[in-house]
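Structure below; questions to follow.
Every number here is computed from the coordinates shown, using simple stated rules; none is lab data. If you're wondering where the values come from, they're calculated on a predicted model, not measured in any experiment. Cβ atoms come from the backbone with ideal geometry, glycine included; neighbour counts cover every protein chain shown.
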Amino acid sequence: MEKNNEVIQTHPLVGWDISTVDSYDALMLRLHYQTPNRPEPEGTEVGQTLWLTTDVARQFISILEAGIAKIE
């Protein structure tokens, strides 16, 4: 079996902003992540603003819970 030597660059999640947007029946989500090789707080970035419908938010929660259960 060959090993895949590709490196996937990751950014540790360090926070988030979540709020409801009642006029759209949706949630707003922005993820805060750490940039590698940069000290906090200068290395903390805020990602794009994402909109989630309630159905998508429920699916997201379900996937996160399944991942946590698998790890634990």
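Kindly identify the chain as rounded, prolate or oblate by the Cα gyration tensor criterion: order the square roots of the eigenvalues as a ≥ b ≥ c, call it rounded if a/c is under 1.5, otherwise compare a/b with b/c, prolate if a/b is larger, else oblate.
Oblate, since a/c reaches 1.5 and b/c is not below a/b.
Of Tyr24, Tyr33, how do they rank once you tally other Cβ atoms within 10 Å and put the fewest first?
Ranked by crowding around the Cβ, least crowded first: Tyr24, Tyr33.
Still on this structure: Taking θ as phi - 60°, what are the ³J(HN,Hα) couplings along segment 57-66 by the Karplus curve (6.51, -1.76, 1.60), each to the nearest whole Hz, with x for Gly and Pro?
Ordered by residue, 3J(HN,Hα) equals 4, 5, 5, 4, 4, 4, 5, 4, 5, 5 Hz.
Also, quick follow-up: Multiply the residue separation of Leu52 and Ser19 by 0.36 nm, subtract the distance between their alpha-carbon atoms, and state the gained length in nm to one decimal.
Roughly 10.8 nm would be gained on extension.
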